1. For Leu105, which sequence-distant residues (separation of 5 or more, or a different chain) have an amide H within less than 5 Å of its own amide H, given hydrogens modelled in the peptide plane?
2. Once the Cα atoms of helix 122-137 and of the chain are each reduced to a long axis, what angle between those two axes, in degrees from 0 to 90 to the nearest 10, is obtained?
3. Report, by chain and number, residues whose modeled amide H sits under 5 Å from the one on Leu66, excluding near sequence neighbours (fewer than 5 apart, same chain).
4. Quick check on the stretch 1-145: take the gyration tensor over C-alpha atoms, sort the square-rooted eigenvalues as a ≥ b ≥ c, and tell me if it's rounded (a/c under 1.5), prolate or oblate.
5. Of Leu95, Leu117, Leu184, which has the largest mean-square fluctuation in a 10 Å C-alpha GNM of the chain?
6. Exactly which trypsin sites (Lys or Arg not before Pro) in the stretch 81-133 are in a DSSP loop and have at most 11 other Cβ atoms within 10 Å?
7. Pulled fully out, how much extra length does the chain show between Ser180 and Asn11, if you take 0.36 nm times their separation in residues and subtract their Cα-Cα distance?
8. Using θ = phi - 60° and the Karplus curve 6.51 cos²θ - 1.76 cosθ + 1.60, what whole-Hz ³J(HN,Hα) does each residue of the stretch 182-188 get, with Gly and Pro shown as x?
Amino acid sequence: MTKVYTHTPSNFSDMQSLLIYVKADVVDAFLTRNTYYFYDTCSILHHSNSDNRQCVIDYLNEERALVIVTRTVLMELMNGVGHIHAAQLGYLQELHSSGLPVLLLDEEWIWDIVRELRIVKAGEANRILGFGIKALSRNKGAVHYAIQSFPRKIDLLKEGNGQTCLVEPFFTHARSLKTSGDSLAEELILLAAIFLSQLNRGKFVLFSDDLKARSPVIDALAQFERNYAREKLHQLTTATLLGRMHRRGLLTERTGMIELMQKVSQGRIKVHYVDGNMIEAGIGNFSVEDLVDRILNDSEFKVFY
């Protein structure tokens, strides 16, 4: 049965007090901090179901993070049933209660955020967005298929053209094409983050455990950083987070570390890492227990993603 993705959950009234969701308030809140964590669907699901989720919340608070849930991620969290499940609703409550600001960001609002701090003409906005679309389209993912049916495709992809900003029309169009199993949420986060990086005012982090989207994200990030990004865009997985929390003393017990990682994978997990015997990063395939033991017992073992 085909999943139907809706814009707003039927139980949104239960979430309203937990989120900053009015556009003017979102724009204002964005300017209050300079560390931005875009929380992807899979990571929210993993962390909300973990008994050690408070450690994740503590880490985000240490980072003074502004937690961002995009509209497309919210649509995915409904999983075709039209409402947010109790576990994820409870996790949002815990994030909010800890003092973390949580934004619900319609991706097209990035244009409004950028204009608060910079004079950006429509042609420049279209040029940045068009470059991002081209980079992501190399992997023929969700954004590639969205641009094929976008009515103003030619205007957007022509560098330096356009008197009308196409940021809002494109993001709205792309969201309308959401299908089960695609990587639309991650790809739109990437486009939003590269656009926001033009502000040159902080650290942007994609918090995601989506292995399917990892290679396209890495490839697109490299292109963005070479051509447009003024701030580095970081990718954070739960495996990376586990090492950082251990080093900070936020989660140090083996059983707790294993429990959190098992929410990501019950089998083996592939990571990019480095240790004291390596000149450059390599790729390893670890069981959850072996990965945790390496973090606990090898001070030079570091997971990148």
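1. Val69, Thr70, Arg71
2. Tilt relative to the chain: about 50 degrees.
3. Thr35, Tyr36, Tyr37
4. In terms of gyration-tensor shape, oblate.
5. Its mean-square fluctuation being the largest, the pick is Leu117.
6. For trypsin sites (Lys or Arg not before Pro) across the stretch 81-133 that sit outside H, G, I, E and B with at most 11 neighbouring Cβ atoms in 10 Å, the list reads Lys121.
7. Full extension of this stretch gives 58.7 nm more.
8. Listing the rounded values in order: 7, 10, 4, 4, 5, 5, 6 Hz.
Every number here is computed from the coordinates shown, using simple stated rules; none is lab data. Keep in mind the model is a prediction, meaning the values are calculated, not measured. Cβ atoms come from the backbone with ideal geometry, glycine included; neighbour counts cover every protein chain shown.
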